[in-house]
Amino acid sequence: MTLDDLCHRYLDALNTGDLEGVRALFTPDAEIVSPLYGVRPAHDFYAELFADTSRSETTLLNVFDSSAEGRSVALHFRYVWTLASGKVVEFECVDVFELAEDRQRFARMTIIYDTASLRADFEASRKQA
């Protein structure tokens, strides 16, 4: 699988809420660093994210690849996130991935975005669940 395929499969899995599909893109010991969820194993993070989500829509803006031999890639995208409560929040974010040695899966991801405008809606939505 090419790096481009891996990145597009990731966004497709987010958009469709494909829990097993997104989990398959990460190594078994992968972890996620998120401004809303903290540090979590990827397996747990996506279960929580999808439970808090009724719909996701991503629009890819840029892909930053460290190099043909590198072990990191970043996706810059617009995220329209419909929370479980039905509230829609929209923001730009960057997901920075560390790749497994074979560049076929992700070993770690750090999510970068400003949560100030959506944190209250996120927390209110989680309380309703």
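Taken together, the values in this text are just the output of simple stated rules run on the coordinates, not laboratory data. Since the structure is predicted, the reported quantities are computational estimates derived from the model, not experimental observations. Backbone-built Cβ (ideal geometry, glycine too); neighbour counts: all protein chains shown.
Structure data summary
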quantity	calculated
Projected label distance in nm at residue 87 and residue 55, using a 7 Å step from Cα toward the beta-carbon	1.8
Radius, Kirkwood style, for the chain when every pair of distinct Cα atoms is counted (Å)	14.9
